[in-house]
Amino acid sequence: MSELSIVMLGAPGAGKGTQAVRIAETHGIPHISTGEMLRAAIAAGSELGQKVKGIVESGALVSDELIVEVIRERLSQPDAQNGFVLDGFPRTIVQAEALDALLAELERPLQIVLELELAEETAVKRMLGRALDEGRADDTPEVIKNRFAVYRRETEPLSNYYRNTGILVAVDSSPGMDEVFAEIERVLDGVK
């Protein structure tokens, strides 16, 4: 089986998590969501959970050192040896550089960065709907607004960072989930 290492980028609400799970299931690689890992740690009341609880609940970003350590530990697990789908990391240029260094050390370079593109107002509607459906405390209008501000400031520059490396592919995520997934699969077929 060929290795498939993917980073998912996109604004909050663009469908990164949904598509990352489908990619992971289809290709037999783990979906590594830093958001889920942090929420699970908070729910478990672990040492990591206690460290990050206030940060996550305010919609801010967890420190680079802490998140890189979480990712390093996760990528060294056996199920990640044939690849992975990273969702929610990297979120800053510093994190992207740390990931590059970590993957170089593991001799497993990143193959593709999928950027899901979606208009902000559509994304906000999706997130408010998700908050009602899933009861997610981090999807209030105030927190959503903050997450977009943080995204524009910290994460948008990653598009250019990865575009310059030649591995970024933008995918329109406004159609239905199945159409978006079909387009992603078409892109991934070209990578393998």
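The values are calculated or read from the model by the stated rules, or taken from the named source; none is laboratory data. Small disclaimer: the values here were computed from a predicted structure and weren't measured. Neighbour counts are summed over all protein chains in view; Cβ atoms, including those assigned to glycine, are modelled from backbone coordinates with ideal geometry.
Screening the candidates Leu116, Leu168, Leu128, Leu132 for the property of being loosely packed, with under 12 Cβ neighbours inside 10 Å and aliphatic (A, V, I, L, M) yields one hit, Leu132.
Do any helices (runs of 4 or more DSSP H) entirely within the stretch 114-192 hold 2 or more residues that are in contact (Cβ under 8 Å) with a residue 24 or more places away in the chain and closer than 21 Å to Val21 by Cβ, and if so, which? The helices (runs of 4 or more DSSP H) meeting that bar are 120-134, 177-191.
Within the stretch 61-95, being in a helix (DSSP H, G or I) and basic (Lys, Arg) holds for Arg72, Arg74. Pairing residues of the stretch 39-65 that are under 18 Å from Pro12 (Cβ atoms) and in contact (Cβ under 8 Å) with a residue 40 or more places away in the chain with residues that are assigned to a helix (DSSP H, G or I) and of a type outside the set (A, V, I, L, M), at Cβ distances under 7 Å and at least 6 apart in sequence or on separate chains, gives Gly59/Asn146; Gly59/Arg147; Leu61/Glu154. The set of residues from the stretch 31-54 being assigned to a helix (DSSP H, G or I), surrounded by 15 or more Cβ atoms within 10 Å (Cβ to Cβ) and of a type in the set (A, V, I, L, M, F, W, C) comprises Met37, Leu38, Ala41, Ile42, Leu48, Val52. Every condition in (1) assigned to a strand (DSSP E or B); (2) closer than 20 Å to Glu179 by Cα holds for Ala14 except the one numbered (1). Per this entry, Val94 is counted among residues that are within 12 Å of Leu158 (Cβ to Cβ) and of a type in the set (Val, Ile, Thr). Pairs linking a residue in the stretch 70-90 that is closer than 12 Å to Glu36 by Cβ to a residue that is charged (D, E, K, R) and part of a helix (DSSP H, G or I), with Cβ atoms under 9 Å and 6 or more positions apart or on different chains, are Asp87/Lys16; Asp87/Glu36; Gly88/Lys16; Gly88/Glu36.
Could you tell me which of the residues Gly135, Gly166 is of a type outside the set (Phe, Trp, Tyr), on the phi > 0 side of the Ramachandran plot and modelled with pLDDT of 90 or more? None of the others qualify; the one that does is Gly166.
Just one of the listed residues (Leu114, Leu75, Leu168) is among the aliphatic types (A, V, I, L, M) and touching a Ser or Thr at 6+ places or on another chain (Cβ under 8 Å), namely Leu168.
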